[in-house]
Amino acid sequence: MQKMIAAAAAYCLLTAISATAVAQTADEKKIADFYKGNTVYVLISSAPGGSFDLYGRIVGKYMAKYIPGNPNIVPQNLPGAGGYTAGARISVTAAQDGTSIGILNPAVIMDPLLGDPAQGNKRLNLAYLGNAAPNLEGCFMRTDAPAKSFEGALKTEVVMGATATTAGSAYGYLMLLRHVLDVKMKIVSGYVSTTEIMLAMDRNEVQAICGVGYESVLISKPEWFANDTVRAFTYQGSKVLTEKEMATAKPAVAYAKTNEQRQMMELYNRQGEFGRPFVTGATVPPERITALRAAFMSAMKDPELVKELKTRGLDVDPMDGETVQKLVAEVYAMPPEIVEKTRAVMNSK
């Protein structure tokens, strides 16, 4: 009798597994039939030539290998409104069928929370496919500046370069450093780009720059560190960085004196954690979102993609879509009083 019961149980289990496999195969065939011969547009929320453009084009190209049906991939640059134009296209006006995906500036995700309320940017309804790599921002200062470290900048004024004076730019981060951590600074704004600010540092027009991806600085300005003319004095995030060029710096959040200050800095830090997010519309059929998420992670593990990105000096440190979705949900679940205080500071003068 026990053998008969065991055999029956094994048969039921095998039948259930077989049914699940058939259902999965049917779903995969349905998805493959949809994408075969179809075109997936990869919208890039920045102009051609930058890191977001490269990530969008390269990751999109390799995703075509792993999306069932192997659709055609067409990258399209759609800059504007700090990336919000591309985000709105993906979330609202594009067909919600899984044929429009994209890479967004994380400010698109954070701006409805921390941006200027007068701009009226609303939270976009997005499904997150994954994050290609974090984008932690650093602060870098000339070694001949009166302040020699972050601790020094708490006592001695540093001349900071900036582009715009809006929360959506690095200016918002400068306001956090000034009003939350009490960094002493004079801000010279109006530069066209971070590249122009770095040139101004070379000319000693300004002494420091903040809100720029630290990895891009290590790649683009190696002479700063080789000649010891510029050093890192702090950076975004909470983990200790291992690069020798960052060894003299600590995370800015480490200088928070109260729990409220720490929460405000960590709220801002979150956008660095999901720094190169790939998305699609949240109302795309769930099975296609699942397929796109799987294709994204498979592409990011492809040795050829890894080689191509690293050859171009780009980081490869992927995060799956479910984790990014959870991080964004956590950001929007932050205590309202912390959100309001952080937004007020970032939009201050």
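The values are calculated or read from the model by the stated rules, or taken from the named source; none is laboratory data. Since the model is a prediction, treat every value here as computed from it, not as a measurement. Positions of Cβ are backbone-derived with ideal geometry, glycine not excepted, and every protein chain shown enters the neighbour counts.
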Pick from region 320-349, criterion in contact with a strand residue (DSSP E or B) (Cβ under 6 Å, 6 or more places away or on another chain) and under 30 Å from V180 (Cα atoms), ranking: surrounded by the most Cβ atoms within 10 Å (Cβ to Cβ): V324
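Name the residues in region 175-197 that are under 14 Å from F140 (Cα atoms) and modelled with pLDDT of 95 or more, would you? First the steps, then the outcome.
Narrowing region 175-197 to residues under 14 Å from F140 (Cα atoms): 177, 183, 185, 194-195, 197.
L177, V183, M185 - these are the residues of region 175-197 that are under 14 Å from F140 (Cα atoms) and modelled with pLDDT of 95 or more.
Select, from T93, T143, the only residue that is surrounded by fewer than 19 Cβ atoms within 10 Å (Cβ to Cβ) and either in the same structural domain as L241 (by TED's automatic domain parsing) or hydrophobic (A, V, I, L, M, F, W, C) (or both).
T143
Looking at Y84, Y41, can you tell me which residue is among the aromatic types (F, W, Y), over 21 Å from R312 (Cβ atoms) and at pLDDT below 95? Explain how you work it out, then say what you get.
Numbers: Y41 fails: at pLDDT below 95.
After ruling out the rest, the residue left standing is Y84.
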For Y268, all conditions in the list (1) at pLDDT 95 or above; (2) within 19 Å of the chain's Cα centre (by Cα) hold save one; what is the number of the exception? (1)
Hey, among the residues in region 28-47 that are in a loop (DSSP other than H, G, I, E, B) and polar (S, T, N, Q), which one's nearest to S91 (Cα to Cα)? S45
Which number in (1) modelled with pLDDT under 95; (2) not assigned by TED's automatic domain parsing to the domain that holds L305 marks the one condition that I31 misses? (1)
Please work out if Y191 is closer than 18 Å to Q207 by Cα, in contact with a Cys (Cβ under 8 Å, 6 or more places away or on another chain) and aromatic (F, W, Y). no
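State which residue is surrounded by the most Cβ atoms within 10 Å (Cβ to Cβ) when the search covers only region 248-263 and only residues that are among the small types (G, A, S) and within 13 Å of L177 (Cα to Cα).
Of all residues in region 248-263, those among the small types (G, A, S) come to 249, 252, 254, 256.
Subsequent filtering for residues that are within 13 Å of L177 (Cα to Cα) retains 252, 254, 256.
Values: A252: 27, A254: 14, A256: 17.
Looking at residues that are among the small types (G, A, S) and within 13 Å of L177 (Cα to Cα), I get A252.
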Restricting attention to region 146-161, report how many residues are crowded, with 21+ Cβ neighbours inside 10 Å and among the aliphatic types (A, V, I, L, M). 4
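Please list, ordered by residue number, the helices (runs of 4 or more DSSP H) wholly in region 130-249 having 1 or more residues that are more than 30 Å from I58 (Cα to Cα) and of a type in the set (A, V, I, L, M). If you could, list the steps in order and put the result at the bottom.
Details: elements: 150-153, 170-179, 194-202, 214-220, 222-226.
Those helices (runs of 4 or more DSSP H) span 150-153, 170-179, 194-202, 222-226.
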Scan region 281-315 for residues that are among the β-branched types (V, I, T), touching a strand residue (DSSP E or B) at 6+ places or on another chain (Cβ under 8 Å) and either within 27 Å of G237 (Cβ to Cβ) or part of a loop (DSSP other than H, G, I, E, B) (or both) and report the count. 1
Exactly one condition in (1) touching a residue at least 12 places away in the same chain (Cβ under 8 Å); (2) surrounded by 13 or more Cβ atoms within 10 Å (Cβ to Cβ); (3) over 29 Å from T93 (Cβ atoms) is not met by D317; state its number. (2)
Can you say whether I67 is free of Cβ contacts under 8 Å to residues at least 40 places away in the same chain, aliphatic (A, V, I, L, M) and more than 21 Å from G237 (Cα to Cα), as far as the supplied structure shows? no
N105 fails exactly one of (1) closer than 30 Å to E223 by Cβ; (2) touching a strand residue (DSSP E or B) at 6+ places or on another chain (Cβ under 7 Å), namely (2)
